[in-house]
Each structure stands twice: as C-alpha cells, then as structure tokens.
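Note sheet for the following structure.
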C-alpha cells in the first residue's frame, strides 16, 4: 500500500451491514479496514453518506506515445459530475475480484479490453458539497491501448489523450476541473504509473 490521504476528517461508527433491502447487488460496495480485510457490505449511497471505507479502483490507460486516456465524467454523476479524471474508476461488486471489476468497468465505460497491471493501493477520504464522502481503499491499475475508445455516454461525457506532463500543467492551472482521487494519484504516485 502506498499511503493514506485525507482531505477532511470525519468520524463514523459501523452499524447494521446486512443485505436487507431491494437494491441490486451491483449497487453495494465492499467495506474494508485499512488492511483491505472485508468487514461487510453496504448500499453504495449509504456508504458515501456515512463516509465508510470501501474498496475501489482507478484505471490508467496509456498509448504507445505515453499519453494518458482521460475521461470527463458524465454530467449526471452523483458526485464529481463533469470533472476530468483517469480512464476509469469504480467499485468491485460483491464476490468480484478487484482486477476483474476494473476490466469489466473499463469495457463498460470506455469500450476497451486490454490487460491490466496492478500498481499498488492507497486510501483517501474526500467530502463533497452534496454531503457525500468518498472514503476508498483504491487499487491503481495501468494498461496500454492505441485506439479511440467507444464511450458509454451514461458514464462518460468526453475523452482526450494527454501526456502526464500536460495533465499536470493543466491541473496546476485549473485544479477544480479534476477529481480529487486523480489529483492525489498524480501528486503522490505518478512515478508508479
């Protein structure tokens, strides 16, 4: 694991984590401790309301020119809508391996199938203006792809390829245009990508 970063403190208690409602299983997140040990599951929205640590992943796809494929999140996302971020990010489903989930979501969001390499994990916590908080143990994956993606417009508003140097320059000028987890990864883990 690389490290832990917190953008705002919050203290919460774990309560009932049983599957008792009618939410589809893909709408649940896997709650973990800071060592990635599973401690339960919870409906995604509730986990974000309670700021509970859960498993997630961030995928970074590069082309042969070492340009990163960025996505602009759909304008209808429940947080960070319209912001630029890494190629793909999400949460594994109950019983799904994190790498398998990363490959599934990469295909669902960007129409890309390519091998992925795990580069490490980190924990971050970020509160949003809408009252939700991301508190994730985030697995970082990288891969290579040299074609235009086929974006799912329910998930992705736009895409672009940029060198890491250009991305970092743009973040320095317009930090509010980028997701918090993406900025943390580029600030602290760029040499691992």
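Please pick out the residue among 131, 111, 120 that is more than 24 Å from residue 38 (Cα to Cα), in contact with a helix residue (DSSP H, G or I) (Cβ under 8 Å, 6 or more places away or on another chain) and surrounded by fewer than 21 Cβ atoms within 10 Å (Cβ to Cβ). So that I can check it myself, show each step before the final result.
On the way: 111 fails: in contact with a helix residue (DSSP H, G or I) (Cβ under 8 Å, 6 or more places away or on another chain); 120 fails: more than 24 Å from residue 38 (Cα to Cα).
131 is the lone residue from the list that is more than 24 Å from residue 38 (Cα to Cα), in contact with a helix residue (DSSP H, G or I) (Cβ under 8 Å, 6 or more places away or on another chain) and surrounded by fewer than 21 Cβ atoms within 10 Å (Cβ to Cβ).
If you go through region 5-19 one residue at a time, do you hit one that is at pLDDT 95 or above, assigned to a strand (DSSP E or B) and either touching a helix residue (DSSP H, G or I) at 6+ places or on another chain (Cβ under 6 Å) or closer than 26 Å to residue 170 by Cβ (or both)?
Keep residues of region 5-19 that are at pLDDT 95 or above, which gives none.
Taking every residue of region 5-19 in turn, none turns out to be at pLDDT 95 or above, assigned to a strand (DSSP E or B) and either touching a helix residue (DSSP H, G or I) at 6+ places or on another chain (Cβ under 6 Å) or closer than 26 Å to residue 170 by Cβ (or both).
Filtering region 135-180 to residues that are in a strand (DSSP E or B) and under 23 Å from residue 125 (Cβ atoms) leaves 135, 136, 137, 138, 139, 140, 141, 178. Please determine whether any residue of region 75-86 is free of Cβ contacts under 8 Å to residues at least 24 places away in the same chain, in a strand (DSSP E or B) and under 15 Å from the mean Cα position of the chain (by Cα). Within region 75-86, none of the residues are free of Cβ contacts under 8 Å to residues at least 24 places away in the same chain, in a strand (DSSP E or B) and under 15 Å from the mean Cα position of the chain (by Cα). Remark: residue 66 matches the filter, which requires a residue to be surrounded by fewer than 18 Cβ atoms within 10 Å (Cβ to Cβ) and under 26 Å from residue 191 (Cβ atoms).
Among the residues of region 146-155, not a single one is under 28 Å from residue 48 (Cα atoms), crowded, with 20+ Cβ neighbours inside 10 Å and in contact (Cβ under 8 Å) with a residue 24 or more places away in the chain. Of the residues 93, 55, 105, the single one that is buried (at least 16 other Cβ atoms within 10 Å of the Cβ) and assigned to a loop (DSSP other than H, G, I, E, B) is 93.
The values are calculated or read from the model by the stated rules, or taken from the named source; none is laboratory data. Given the structure is predicted, the values throughout are model-derived calculations rather than measurements. We place every Cβ from the backbone using ideal geometry, glycine too, and count neighbours over all the protein chains shown.
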